[in-house]
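Since the structure comes first, as structure tokens, the remarks are kept for the end.
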Amino acid sequence: MKLKNLNGKVVLITGAGSGIGRATALLSARRGATLVLCDRDEAGLNETAAAARAVGVDVLVKTADVSDPASMDAFADAVHARFDAVDVLINNAGIGVWCGLLDTLPEDWDRQLAVNVKGVVHGCERFLPRMIERGRGGHVVNVSSAAGYMPSPAMSSYSVTKFAVFGLSQALRMEMRRHKIGVTASCPGPTNTPIVRTGPVRGADAEERADNVVGFFQRTAARPEQVAKTVLRAVARNRAVAPAGLEAHVMYYASRISPPVGRWLSVRWSAMANKG
Ligand code: NAP
């Protein structure tokens, strides 16, 4: 099913208090969608909601932690008390850790798996059954990453979680086809959002590398508004995979046509980011 017109449609976005989630919420609002937004960051969430309401659309907001099943149950109850089902579910909330495998701490694994992987699963489990039951189709976007099809040695554990989201989205797309629910793996390349500053950097010279990475992203990365456009285009065209930005496109085609070239590029790109 191709959801070309969002006017009057209910679009749910997790992690909507910042970055790509906020940009996607505001673009959806400008296209007439009714919004359902959650984030664990209440202040950021309220800022997004106020900006969306200023566009003139209806917004339901709730603070929720996507990694916590009870928190997501409460969120889903609030949503379904108001709407039979959502039309578009965007599982966007995510976190990152900037380092290779050997510098990754056990808690980095736990946290990233809980938010990036289980968070997406929790969203699908809570909102898809109502979409299916209603029988009018819909769309799910799971935000993976270019690191979900071409791993980065600068973000090994993050890449693992984004490969999981990519695989989950492909399987879910096949599973949901008979219900006329499309599923997209959104795969942004480097995007200049607060995640670059909030995600811990580990390993040698971590402080210096953290500054370098922020500077590198500020100079070279895409804007979240550009990613938001690719997300809504993927919904309109029912795309399976939606790379966003030049690096993501280059890595996508390299991963399909010549993985060794993709890996070479990924090593170079990681080194450049670490050096600023
Ligand atoms: P962002 O600006 O940090 O936004 C992510 C939002 O999600 C933040 O408000 C964050 O709150 C929230 N969040 C984190 N954990 C949560 C949880 N457990 N429950 C609810 N909300 C939570 O980052 P972004 O760059 O827009 O990232 C959005 C998605 O794009 C993520 O899945 C990320 O992995 C993916 N992505 C980003 C890039 C990039 O270069 N920026 C590239 C590819 C993919 P806090 O501020 O409290 O953490």
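For the stretch 62-86, how many residues meet the condition of being basic (K, R) and more than 19 Å from A49 (Cα to Cα)?
Looking only at that region, the number is 0.
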Among the listed residues V214, V165, V183, which satisfies the condition of being part of a helix (DSSP H, G or I) and surrounded by 20 or more Cβ atoms within 10 Å (Cβ to Cβ)? V165
Result of the Cβ filter at 9 Å on the stretch 170-188, keeping first residues that are at positive phi and partners that are open to solvent by 10 Å² or more (accessible area, probe 1.4 Å), at least 6 apart or interchain, is K180/M1; K180/G135; K180/R136
Within the stretch 186-211, tally of residues that are open to solvent by 20 Å² or more (accessible area, probe 1.4 Å) and in contact with an Asp or Glu (Cβ under 7 Å, 6 or more places away or on another chain): 3
Of all strands (runs of 3 or more DSSP E) fully inside the stretch 1-106, the set with 1 or more residues that are away from the ligand (no atom under 16 Å from the Cβ), of a type outside the set (A, V, I, L, M, F, W, C) and open to solvent by 10 Å² or more (accessible area, probe 1.4 Å) is 34-39
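Residues of the stretch 143-185 being farther than 25 Å from T104 by Cα, within 14 Å of the ligand (Cβ to nearest atom) and of a type in the set (S, T, N, Q), which ones?
S169, T184
Mind listing just one residue for me: the one in the stretch 245-267 that is open to solvent by 100 Å² or more (accessible area, probe 1.4 Å) and aromatic (F, W, Y) and, of those, nearest to A146 (Cα to Cα)? Walk me through it before giving the result.
Of all residues in the stretch 245-267, those open to solvent by 100 Å² or more (accessible area, probe 1.4 Å) come to 246, 253, 256-257, 263-264.
Now narrow it down to the ones that are aromatic (F, W, Y): 253, 264.
Numbers: Y253: 11, W264: 15 Å.
Restricting to residues being open to solvent by 100 Å² or more (accessible area, probe 1.4 Å) and aromatic (F, W, Y), the top hit is Y253.
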In the stretch 186-211, what residues are within 16 Å of the ligand (Cβ to nearest atom) and not in a helix (DSSP H, G or I)? S186, C187, P188, G189, P190, T191, N192, T193, P194, G199, P200, V201
Give me the pairs: first residue in the stretch 99-125 and of a type in the set (S, T, N, Q), second residue at pLDDT 95 or above and part of a helix (DSSP H, G or I), beta-carbon distance under 7 Å, and six or more apart or on different chains, which are they? T104/S156; T104/S157; Q112/S157; Q112/Y158; Q112/T161; N116/T161; N116/K162; N116/V165
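The values are calculated or read from the model by the stated rules, or taken from the named source; none is laboratory data. Model, not experiment: these values are computed from the prediction. As a convention, Cβ positions derive from the backbone with ideal geometry for all residues, glycine included, and neighbour counts pool all protein chains shown. These accessible areas exclude ligands, DNA and RNA; they are computed on the full protein's heavy atoms, side chains included. Shrake-Rupley method; radii C 1.70, N 1.55, O 1.52, S 1.80 Å.
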